[in-house]
Ligand code: NDP
C-alpha cells in the first residue's frame, strides 16, 4: 500500500524529519529538487524505515495514496511558492500541503487563501528545535484547516518531543497562526539569548569570573528557576576548550551576531499592532549594534565611558543579583511575547490557547524551560489574565527580585556596561505598573502644535485648547 505522507526538501531539517516520521512507523515518500540527494538519503538511511524515493514532484505525488499530505521543507520565501506552484496541478481536491519552514505568517495566510480556493488544504507549521529536534522530537506549532490537521495529527504527535508524556504539538489556529506563534517563539528566543549575553558581560567584566567559573555559575543557575535549554548550552559553551589554542573557544568567536529575520519580524509586527515588545526589539537591535564591529572598534578609542568608577559591592552577592535580574527580564520577555500573540489573535480572528502554547514549548524547542510549567499554570488558573506579570506566582517572583534587578541595571549604567534588554525590561515593568505616566504632556504637545485633541481625566469628550499664558 502506498504511503499517504510525503516530504520534499531533503536538507538537514527535511532529512531529519523524514527519518523521525519513519522511525515512528509511518511510511513516507521523499523528494528533493536535486534528485541525487534522494538517492544519497535512501542509501544512508533507507534501512531506518519505509521510504519511497521520488526523483520529481510528479513521482512524489504518484507515490502517495489520496488524500495526500506533502510536507514542504525547502528554503523559506520564493522556493516555497515555486514548489507549491509545481505541485498544485498534480494534486486532487482534499489533498494537503504543509509548509514546515520558517515562513512569514502573512505568506502563510496568502498561500492558505490561494490553495483553499483551489480545494486544497494548507497548513503552515512552525517547527522548533533545530536539526537535533527534527530528528528526535521537535516542538510543533501547526496552523491552517483544523480537519486537515486532525488527519496528520497522529504523525505530528508521534514525532514531536514529549514532556511528562504530553506531545509538544497542538493545533494553534487558522491560516498563519502556527507560523505566527513560531515567529513569537523565535522573538522570545532572541530576548532570552540577549539577556544571557548581558548576564555574561556583567559576570565576566564586573565580577571577574573566568570561563570555568562562568560554566559553574550557569550550571548552578540551571538547577533553579532558570533551568532551561539555553542556560544548559551556555554552560557547555564555557566548558569548551579551543582545539587551535590553549584557551576557551568562546573567546575566539567574533562578537558579531547574525540573524535570519524572525526576531525582526516579531518586532515589526509588534510596531504594526502597537504592542510594546521592548525586550525582543532591544535584542534585535543589540545584534544590529554588534554587527557594527569596525565602527565599534574605532569608537572604542574615541568615546569615553565613566571616569573613576569601580564596582564597590560584594561580587558574590552581585552574581546572585544578576541571576535575579535575568529571571525578572525573562518574565517580561514572555509577558510581552504573549501580549503580542493576544493582539494578533484579536487582529486575525484566532483563538489562541496561551496555556497550551506554553505546554508545547516545554520540550523540543530552543526556549524550553522549567518556567513554562508555571506559565501554563498561570493561564490554567486564569484564562483571562491580562499580563503574565499579574499572575500571583510571577507577580510575587518579580516583587521578591525587583531590588536585585534595579541594583544590576543601576550598576551597569554606573559602570558603562550596556544592558539594553535588562534595562528596557525593567522600564517596561515600571511603566506597566504606573497608574499614570507623563503621556499627558505628550498629548498637550500634540494638541498645541497639531490640534490633535486630547481627552480629560475629569470629564467625557474630546478637547482642543489654545495653549499658553
Ligand atoms: P535550507 O533552508 O537550507 O533549504 C535547502 C533546501 O531547500 C534544499 O532541499 C534545497 O534543494 C531546497 N530548495 C531551495 N530552493 C529551492 C527551490 N527554488 N525549489 C525547490 N527546492 C528548493 O534547509 P534547512 O533544512 O536548513 O531548513 C528548511 C526550512 O526549515 C527553512 O525554512 C528553515 O528556515 C526552517 N528551519 C530550519 C532550522 C534549522 O535549524 N536549520 C530550524 C527550524 C526551521 P536543493 O538540494 O536542490 O538545493
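For the criterion of being loosely packed, with under 14 Cβ neighbours inside 10 Å and either closer than 30 Å to residue 352 by Cα or assigned by TED's automatic domain parsing to the domain that holds residue 306 (or both), residue 234 fails. Looking at the structure I just gave you, is residue 343 more than 18 Å from the chain's Cα centre (by Cα) and either part of a helix (DSSP H, G or I) or in the same structural domain as residue 131 (by TED's automatic domain parsing) (or both)? No; evaluated as a whole, the condition is false for this residue. Contact map, region 306-323: first residue under 17 Å from residue 225 (Cα atoms), second residue modelled with pLDDT of 95 or more and in a loop (DSSP other than H, G, I, E, B), Cβ cut-off under 9 Å, separation 6 or more or different chains; pairs are 319/207; 319/209; 321/313; 322/206; 322/207; 323/224; 323/225; 323/226.
What are the pairs, 6+ residues apart or on separate chains, where a residue within region 93-112 that is closer than 18 Å to residue 261 by Cβ has its Cβ under 6 Å from a residue that is part of a loop (DSSP other than H, G, I, E, B) and within 11 Å of the ligand (Cβ to nearest atom)? Listed by first residue and then by second, the contacts come to 100/73; 101/76; 102/76; 103/76. Criterion first (part of a helix (DSSP H, G or I) and closer than 22 Å to residue 190 by Cα) does residue 220 satisfy it? When the stated conditions are applied, residue 220 does not pass them. Got at least one residue in region 430-452 being within 18 Å of residue 339 (Cα to Cα) and crowded, with 19+ Cβ neighbours inside 10 Å? Within region 430-452 (the criterion being within 18 Å of residue 339 (Cα to Cα) and crowded, with 19+ Cβ neighbours inside 10 Å), the answer is no, since none of the residues qualifies. Looking only at region 60-75, residues that are surrounded by 19 or more Cβ atoms within 10 Å (Cβ to Cβ) and under 31 Å from the mean Cα position of the chain (by Cα) come to 7 in all.
Restricting attention to region 361-408, the residues being assigned to a helix (DSSP H, G or I), touching a residue at least 60 places away in the same chain (Cβ under 8 Å) and within 17 Å of the chain's Cα centre (by Cα) number 1.
Answer yes if at least one residue in region 293-313 is surrounded by 15 or more Cβ atoms within 10 Å (Cβ to Cβ) and either at pLDDT below 95 or part of a helix (DSSP H, G or I) (or both), and no otherwise. Taking every residue of region 293-313 in turn, none turns out to be surrounded by 15 or more Cβ atoms within 10 Å (Cβ to Cβ) and either at pLDDT below 95 or part of a helix (DSSP H, G or I) (or both). Selection of first residues in region 31-42 that are closer than 15 Å to residue 16 by Cβ and of second residues that are more than 8 Å from the ligand (Cβ to nearest atom) and in a helix (DSSP H, G or I), restricted to Cβ pairs under 7 Å at least 6 apart or on distinct chains, gives the following pairs, ordered by first then second residue: 32/38.
The values are calculated or read from the model by the stated rules, or taken from the named source; none is laboratory data. Keep in mind that what you see is a predicted model, and the values were worked out from it rather than measured. No Cβ is skipped: glycine too gets one built from the backbone with ideal geometry, and neighbour counts run over all protein chains shown.
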